Amino acid sequence: MNKLINQSIAILVPCYNEELTVAAIVRDFNACLPQAVVYVFDNNSKDATVRLAREAGAVVRSVPLQGKGNVIRRMFADVDADIYIMVDGDNTYDASVAPRLAEKLVDEGLDMVVGTRVSTEQEAYRFGHRFGNRMLTGSVAAVFGNTFTDMLSGYRVFSRRYAKSFAAHSAGFETETELTVHALELRMPVAEVETIYRSRPEGSVSKLNTYRDGIRILWTIIKLFKTEKPLAFFSLAFFAFMLAALGFALPLLQTYLDTGLVPRLPTAILSVALSLFGVISLNCGLILDTVTKGRIEQKRFAYLAISGPRVKNA
């Protein structure tokens with residue numbers, strides 16, 4: 001804890017209708033990190049979330065644009081701190097682990113530490129969520145590199161330079177994917193620490209829809225693949241078009257070699273068109289790859305303009 005005394009720490013809690021849990025979260029984090037400021041960012045709650053958060057001692061901010069990604073965008077923009085600890089407002093994460101996560105960030109000069117969920121409670125971490133998390137985490141690992149085992153965890157610690165260099169394009173629950181890809185894209189030093197994941201208290205309802213949000217996250221991975229790895233993305237399109245073109249052209253070629261005729265002219269035109277689409281796709285990938293490298297360099301410069309986490313002398 002001594003390493004965190006001179007660090008300004010912000011606890012960031014995105015909330016939407018969390019009246020059953022928000023007060024306990026504020027009290028627990030105030031007890032574990034008394035020097036920190038707890039910010040509750042309310043996202044149009046219809047219950048007593050705002051009142052109970054204020055009574056518990058939190059600084060409450062309102063975000064009218066619905067969606068967790070919109071809330072995180074405002075969090076990182078509005079709050080200044082050396083260390084940012086983000087935790088979901090459902091009281092499923094262990095507040096007592098927060099000092100250890102923050103100390104690891106400072107000790108090792110990291111930019112993000114993810115609280116990897118460990119749970120023996122079936123209701124806390126349902127099979128569908130586990131399977132979806134593994135599938136989506138594996139998809140990101142295949143494209144951007146294998147660094148995390150729990151990409152969708154809502155318990156994370158960030159450095160200031162991470163928070164202030166994160167563009168936050170996502171609007172909803174797919175924001176965790178974007179948080180992960182941002183770190184992988186800039187090759188930031190990151191780590192994971194296991195933390196207990198509990199069930200929601202009785203009466204508290206999850207805002208995550210397994211299938212709808214899972215599809216949105218998968219679509220976000222595809223869009224990030226196109227945006228951040230355009231050469232690989234459009235090369236796949238190139239090979240797909242060329243294989244289709246060859247599939248149509250080979251029978252025509254065989255007929256032409258046997259008879260000297262091309263009896264199916266529309267098929268020949270389709271094959272040529274598919275080949276052209278393939279060449280255009282490859283050219284798009286080559287051009288966008290150059291643009292993307294320049295954009296990543298600019299993001300890297302913005303990231304390096306802010307000093308990283310370090311132990312401060314008393």
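The values are calculated or read from the model by the stated rules, or taken from the named source; none is laboratory data. Model, not experiment: these values are computed from the prediction. Positions of Cβ are backbone-derived with ideal geometry, glycine not excepted, and every protein chain shown enters the neighbour counts. Areas reflect the complete protein model, heavy atoms only, side chains present, ligands, DNA and RNA absent. Shrake-Rupley method; radii C 1.70, N 1.55, O 1.52, S 1.80 Å.
Return the tail of the calculated pair distribution for region 229-304, meaning the percent of Cα-Cα pairs more than 15 Å apart. For region 229-304, the share of Cα pairs beyond 15 Å comes to 63 percent. Evaluating 6.51 cos²θ - 1.76 cosθ + 1.60 at θ = phi - 60° for every residue in region 10-18, the Karplus couplings come out as 10, 8, 10, 10, x, 9, 9, 6, 10 Hz, glycine and proline recorded as x.
For a modelled paramagnetic label at residue 305, 7 Å from Cα along Cα-to-Cβ, the residues of region 170-194 in reach, with backbone nitrogen under 18 Å, are 186. For the peptides 17-25, 143-151, 244-252, the ranking by packing is 17-25, 143-151, 244-252, with the highest mean count of neighbouring Cβ atoms within 10 Å listed first.
Quick one: Debye curve from the C-alpha atoms of region 15-112, no solvent, what's log10 I(q)/I(0) at q = 0.20 Å⁻¹? Relative scattering, expressed as log10 I(q)/I(0), comes to -1.03. Between helix 210-228 and the chain there is an angle of about 70 degrees, using the helix long axis and the longest principal axis of the Cα atoms.
Can you tell me the order of 278-288, 260-270, 68-78 when each peptide is scored by its average per-residue count of other Cβ atoms within 10 angstrom, highest first?
Numbers: 278-288: 16.3, 260-270: 11.3, 68-78: 20.5.
Per-residue mean Cβ counts within 10 Å order the peptides as 68-78, 278-288, 260-270.
With the convex hull drawn over the C-alpha atoms of region 143-247, the volume per residue is 150 Å³. At a probe radius of 1.4 angstrom, the accessible area of the chain per residue rounds to 49 square angstrom. Based on the Stokes-Einstein relation at 20 °C and a viscosity of 1.002 mPa s, and on the Kirkwood radius from alpha carbon pairs, region 9-223 is assigned a translational diffusion coefficient of 125 µm²/s.
Take every DSSP beta bridge whose two residues both sit in the chain, then give the antiparallel share in percent to the nearest 5. If I count the DSSP bridges inside the chain, around 30 percent turn out antiparallel.
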